[in-house]
Structures are given as structure tokens and as C-alpha cells.
1. For region 729-749, what are the residues that are buried (at least 20 other Cβ atoms within 10 Å of the Cβ), over 21 Å from H694 (Cα atoms) and under 23 Å from the mean Cα position of the chain (by Cα)?
2. Residue check: is F810 aromatic (F, W, Y), open to solvent by less than 20 Å² (accessible area, probe 1.4 Å) and at pLDDT below 95?
3. Whether any residue in region 773-792 is outside any loop (DSSP other than H, G, I, E, B), among the polar types (S, T, N, Q) and open to solvent by less than 20 Å² (accessible area, probe 1.4 Å) is what I want to check.
4. How many residues does region 194-238 contain that are part of a loop (DSSP other than H, G, I, E, B) and at pLDDT below 80?
5. Out of all the residues in region 755-768, is one or more open to solvent by 10 Å² or more (accessible area, probe 1.4 Å) and either under 23 Å from the mean Cα position of the chain (by Cα) or acidic (D, E) (or both)?
6. Considering only residues that are surrounded by fewer than 18 Cβ atoms within 10 Å (Cβ to Cβ) and either within 21 Å of the chain's Cα centre (by Cα) or under 29 Å from Y639 (Cβ atoms) (or both), which ones fall in region 708-723?
7. Out of the residues in region 349-400 that are among the β-branched types (V, I, T) and farther than 30 Å from T446 by Cα, state the one that is surrounded by the most Cβ atoms within 10 Å (Cβ to Cβ).
Amino acid sequence: MYVCAMKKLSLLVLIFCTCFIMLNAQDPAVKSHGIISGNVKDSVSGSPLEYATITLTDKLTRKVLNGSTTNNKGQFSIDKVAPGNFIITIESIGYKAMSITVTINKNENNDLKNILLLKDSKVLSTVTVTAQGKLIDNRIDKLVFNAERDLTSAGGVATDILKKVPQVSVDVDGNVELSGSSNIRFLINGKPSTAFGSSINDVLQSIPASQIKSIEVITNPGAKYDAQGLGGIINIILKQNTAKGINGNISVTTGTRMENGSFNFNARKGTFGINAFVSGNKRLYATTPFTSSRVSADTTNGGKGKALLDLDGTNRFTRYGIESGLGFDWTLRKKNSFTGTFNYNTFGNNGNGDLTQSQSVIDNTGTALSNVLSSNHSNNTSRFKNADVSFAYKRTFDKEDQQLDVSVNSSSGNSRTVANNEQFLLPADSLYYGIKAVNPGKENETQIALDYTQPLAKDVLLGVGGKTTFLNIVSSSDVLSLKDNSYFPDTSLSNNLNYHQKVYAGYAEISFPVSNWFDVKAGTRYERTEINSYYSNAQNQSPPSGYNTWVPSIFFSKKLEHDQVVKISYSKRIERPDYGDLNPFINTSDPKNITAGNPYLQPEIGQRYELSYSRDFPKLGSFMITAFYRNNKDDIQPYTKYYSSIQLGDSVYHNVSVSTRENIGTEKNTGVNLFANIRGTSKLSIRSNIFLFHRHITNAIDKGADRSSFNYRMNVNATYQFSPLIAGEFFGNFNSARNEVQGKYPSFTSYSFAIRKLFWNKKGSLAFTATNPFAKYVNQQLELYGTNFTQTYLRRIPFRSIGINFTWKFGKLEFKKEREDNSGDTGSPQ
């Protein structure tokens, strides 16, 4: 198996190299005669200026020859400069431009060192400018998608933006995968939240797209980041303006499928600033028709018959979410920075269903042995509230890049789920089965982190740090069962969970150049996990346990001519089961399809190798290709088992499937992702993403039932600027059918149109959006198969949506770009 996987990886590397050669063949080799480099900073604070524009002009002819922009550290470099006399012009919005005369001799490298720009106070007090950076920013260890520039997501939610991010895919229900893995560490403004432990889908589909500034994707996190999150990290950066004065924005969306709105307020005077926001989203009630058919072996008749279960019904569903936050930042004596935030969120959903159920048993000749017809009425509600508090202190020093960070983050959440079900025999319509279950829970997570960065030499940086995480979960399930036409407490189905987890972590990483060949960033992280848990209905209570995890990571980056970058990286990750996976609550609201948690899950370990190449074409756009190989041990996946009869508590269930999550074995993924951004004309731009991967699953539960499959996803986005004030956009997305260890999940196609008009001196905008306007439903057919059963499940999901979004920006200084803070743009990344 290992040899087979390596052959696939070798094939991908061959494809990768072929694309690399073809792209380089487009331009003849140009000998690099010289290099001009420098570091652009604010003249007062000494802070690096990101996205400053560098222009290289011939001194004699005044012809523009080349250019560049500064990175997150304010650094720039212009290669292949022929000998001669030049003028370097440095410009940054809100600062006075500076011009420097430079002479380059043959094979000379000219380092301009620190270039200090003065703020243009006159411009700052009178001018409002909107600045747009690159849509995709490819950095050494992460990819940044600047969501503010997206049109078709206007009026949508976070999952609508995630569909457009390279290597990310979203299915019809809002489930997110990164490079084919659903085990993702989600952060908001760089910080974890207990909200994601309750229902990731509810959170992501309750954050309005208008509230999101950018999305950071880290497929191979370094040693500084938490080891949790097998597929990688997705960090959602909410909007916040650091400009002086008072400013903000309001966004309101109304539509046929969802409604949302957001309000942001920022105020800053001197070195102190505050920000506040509130946003909300509501998915309107929608009815989903569905049918299901399950065929299974009937072991009650000597294994010679079959049990058939056919369902035909509808589900009505709605969800809502409200997020709010208040924050401050204060700089004391230039070198001391304090930041604090408080967020309060509430999420919920309601669902009810009605179905007709036919249960029959036939022998091997097809003769019916029994046939029962019934109707089922269910009602489910879920509520979750959480509060997040964070405080951070940063100390900088006279020595550049020397920095100390201390942070405390705490998140507390309360959830409550109610599931009711009643079944009636037909045609008499007599009640014969009923369940009423209430499942409240509490989750608290606190993190204390310390990071220190020390420059050792020029371009050599050492980072060390430590972190402690405390996680406490308390959950109970109170179940009432129908007996003699009355409901009584069912102690056998009721249970409670008390889970305590502590993670102690320490890391060290170093970044340095290897001559002029390439840059290296290497590190290792140690995590000690200690668990103490109690499950009231567990057959055996496991004693307090702990385990150690070493998480190494290494990155190689090489910058080539013509704005080309090659990166190679490796990282190891861990996926600890979360609250929803471990909760032993048994949901019998559908007595033929029971779900339950698994308190005995083991953590999943994964290793990922990645090779990427990117190139910027000055006039045409950019291109990026990434090849990867990932190996997961103790892979956690949903797993369904069929029982002709099973006793749960005091009740015996017949012809029933029980779904839970299991450590199913080993999963290996080998894939490649291609992303292109093409500027066809001054008005037209097109971007496309294609993701292909092969998956092989070794099934350790059902020996021999291994699975291999080929999967692909692709999308295309076209934007046309009709005029300076009117722009239109189209986005189309396709996900192939997804194969897992027990089944085939359906393919998914979606498409959107949008047009936006700016007015009020570009402070106001009105956008019209339409999603799947030519079809009311998206058909989704799920196929499951396992030992002694096969099942098909078809849903017709209402997906057509038409909406109007209004946005208004008020105040001045909307343009000022935030510089990237390596320790803070993902919060405390440990």
C-alpha cells in the first residue's frame, strides 16, 4: 500500500514539475544583473508598512521598468535589474511619497535598508479612499483570501465565501472540508471558541459575509500553532478598522432564503481605539421532501429473509444566529500594546418532520411475512449561547523583530437540545411509541499563552513559547419514554457526561536563509494531554489517562525570477474528539435510525507533505499549483451498524441502524490543487480553482471492506467592471460525489449571479444576488452500505435564493490597511 501511495505522489510531482517547466518556458531566461531591496517603515512608530508600492523608473528616460509591493514585514526586493541609474519611488496610502536615486553596477546587490515614510496629515484629514489589495495573498505558511472584494457572497454567509477559497469545499448542508478533510481547527480573529464545539455548521451559516474581512487558510501549520485540527486551520478575520476618527459600516440583506445584517463601529484617538459590532442571520423556514429505502438481512428468520424499510416525508427547518463584540487596543509608550475583546453569541435551529413509514419482512421467495404501516411526527430544537473573553499584551524592543506576547483567552458556552418523536399505527392512527429527550450541556475552555521572538542574526529568527489549555464539559440527557399512554423517566436512556481535558504545550521554531538558495522555517511542538472523564452509562469507566504528542514541522521556500515562489513543507497534526463526538447521548427520535456519541474515541494522528509553486504575471494575473500527500492513523468517521434487534435501556428496537463516530482505520489522500487568477482585460477578470485527489481507506472495523476513490471539485468566478460604479460577477461550483468508508455522498452543483452599484461617493452600495435561480431544488442522493444492509436516501433541498444587499460606510479613513502581525493575525496561534 505504501508503494502504491508513493507512486501516486510521484505522479503528482511529475505533473507539478511539468507545469513548472511549461510556465517557465513562457519567458526566455534573463540573467539577473542586480537586486534592489529595502524595508519600509512608519517614521514615528517604526512599524513595517505592508502593501507599500515600489516603482523602479529609468532616471534618464523616466520609463517605468519594474515594481513590487512590501510584504507583512515591510520588506521588498526587485530582481534582475540591469546596470544603470534609476529612481526608486516608495508610496503608501496616507504617507508622503519618497523617491531615491539608485545606481546599480554589474552583479551588484543594493540594500536600501530602512526607508522611513512620513504621514501626510493633510491627506489624512480630508480624503476618503478605498484601497484593495490582492484577492489571494500566498504567504510562506498560509493563504489569505480577501473576502471584502467578493461580490456574489454579498448578502450570503461565511460558507458562501469559503466555497471560493483554494483547497476548501462546502457541500449543500454547509459542511466544510480543507484538502479533503473535515477535521479543521476553526478560529475567529485567531481565537478558538466553544461555539465551534457545539455546531460548526450553525456558526458558519450564521456569520454574514458582510462581516468578514478575510479568511486565512493554513494547511501545514507550524510549531507555533495548536496541533489540534488534522486538516489544518481556517481563521475567519472579522472587519475592524484601525484608522483614526470615527467610522463604521452598516449592511442589510433581505432575500427569499435568508436574511442578515451587520453593524460595525470604530473610534480611535491617539494611541487608543475601540471597536464594536453586532450581526445576525436568519435562514427562513424551508421544507425538504425526502424518500429513503433500506434493505437489510432479517436474522430473525434464520438469515433467509429480508427486512425492508421505506420512508416518504418532509422536514421543515430554520436557523438563526446573533453575534456581538466589543474590543479595545491601546499602545503605551510605543513599545507596549494592550488589546482586549468580549464577544457574546447565540445560535439556534428548529426542525419538525412528518413521514409515512412502511416496514415489511419478506422471505427468500419474496413472500411477505409481515407489513406495518405507521406515521412519524418529530420536533427538534437546539439552542447555544456562548461568551468569549480575551486579553493580550505585546512588548517590542529596540532590536527589530524582538517581541514578547502574553495572552489569555476564555470561552464559555451553554447548549440545550430537545428531541421529541411520536409514532402512530395506520390506519387506526393509534399512538404506540413516544420519546421526549432534553440534552443540556456546558463547555468551558481557557487558554494561557506566552510567546517570545528573538533575532539571532540577520534574517535569523528564533521563536519559543508555551501554552496551557483547560477544557471542561458537563452534559446530561433526560429522556421520557411512552408507557401505557403516559410518559415516564427512562433511566436506562438518560445519562450524563463529565469530561476534563488539560493540554500543556511548548514549542521552538527558527527561520533562517541558506545562503541565497532558499529560506527555512523549522520547529517542533510538544503537547501533553491529560484526560479525566466520567460517563454515567458506560460499561467500564476508564481511569485518568494521558498521552504525549510531538509535532514537528518544516518549511522550505525559494523565490525565483519573474515573481515565482516554490515551497516544500511537512507537518504532523492531531485530531482530538470533540464534545459532539464524545457525548454518549442516544437520540431515538427516529427509532429506525438511531444516533449516538462514542465516549471511547481515540485521537486521530495525521502527517501531511506539501509541494507548491506560485507565479505572478504582471499583466495577466497569477497561478498556483499545490501537490500534497496526507496519511491519517485512527481515522475518525461516521459509522453505521445494522441490528435486527437491539436493546437500549428497557426498550428493544427491531430492524434498526445505529450511527456513531468510530476510529475506522487508516486514510491516505494524494492530491493536487490548481488555482489561476486571470486578468483578461482592464474590465474582465476570471479566477478558477480545480482540486483533485485520490483517497484510500483501510477499514479496520470490517476487515477487507477497504475503499478507494477519485474525487474532484472545481469552480470558476468571472467579474466584469461595467463602469467605475457598476460591477457584475458570476460564480459556478461543482463538487463530485464523495466516497467515504461506508457510502457515497452526492455531488453538488451551485451557481450565483451578482451585480453591484456604488453611490454616495462610493460610500453606499446596492447589490442584487441570485443563487441557482433556474431550479428550486437541489437533489441529493446518499448511498450507504455496510454489513447486512444497503440504504439510499434522496432529499430535494430548496436552494434557489434571490436577495438584495444594502451597505453604507460612514466616517473617514476607510482605506487604511492593517499591517500583518505575525503573532496576532491568527490571534494566539498556539
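1. Residue satisfying the conditions is F731 alone.
2. Values: aromatic (F, W, Y): yes; open to solvent by less than 20 Å² (accessible area, probe 1.4 Å): no; at pLDDT below 95: yes.
No, not satisfied.
3. Taking region 773-792 as the starting set, the residues that turn out to be outside any loop (DSSP other than H, G, I, E, B) are 777-786, 789-792.
Next cut, among the polar types (S, T, N, Q) only: 779-781, 790-792.
Filter once more, so that each one left must be open to solvent by less than 20 Å² (accessible area, probe 1.4 Å): 780.
Within region 773-792, one or more residues are outside any loop (DSSP other than H, G, I, E, B), among the polar types (S, T, N, Q) and open to solvent by less than 20 Å² (accessible area, probe 1.4 Å).
4. Filtering region 194-238 down to residues part of a loop (DSSP other than H, G, I, E, B) leaves 194, 199, 205-207, 219-227, 229-231.
Next cut, at pLDDT below 80 only: 194, 199.
Matching residues across region 194-238 total 2.
5. No, that holds for no residue.
6. Just the residues of region 708-723 that are surrounded by fewer than 18 Cβ atoms within 10 Å (Cβ to Cβ), to begin with: 708-710, 712, 714, 716, 718, 720-723.
Across region 708-723, the qualifying residues are S708, S709, F710, Y712, M714, V716.
7. Of region 349-400, the ones among the β-branched types (V, I, T) are 356, 361-362, 365, 367, 372, 381, 389, 396.
With the extra rule that they be farther than 30 Å from T446 by Cα, the set shrinks to 356, 361-362, 365, 367, 372.
Values: T356: 13, V361: 21, I362: 18, T365: 7, T367: 9, V372: 13.
Among them, the one singled out is V361.
Here's the yes/no breakdown for (1) in a loop (DSSP other than H, G, I, E, B); (2) more than 22 Å from K458 (Cα to Cα); (3) under 32 Å from the mean Cα position of the chain (by Cα); (4) at pLDDT 80 or above:
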| position | (1), (2), (3), (4) |
| --- | --- |
| C4 | no, yes, yes, no |
| I15 | no, yes, yes, no |
| T18 | no, yes, yes, no |
| M22 | no, yes, no, no |
| V30 | yes, yes, no, no |
| V40 | no, no, no, yes |
| V81 | yes, yes, no, yes |
| V102 | no, yes, no, yes |
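The values are calculated or read from the model by the stated rules, or taken from the named source; none is laboratory data. Keep in mind that what you see is a predicted model, and the values were worked out from it rather than measured. Note that we place each Cβ from the backbone using ideal geometry, even for glycine, and neighbour counts take in every protein chain shown. Please note that ligands, DNA and RNA were not included when accessible areas were found on the heavy atoms of the full protein model with its side chains. Shrake-Rupley method; radii C 1.70, N 1.55, O 1.52, S 1.80 Å.
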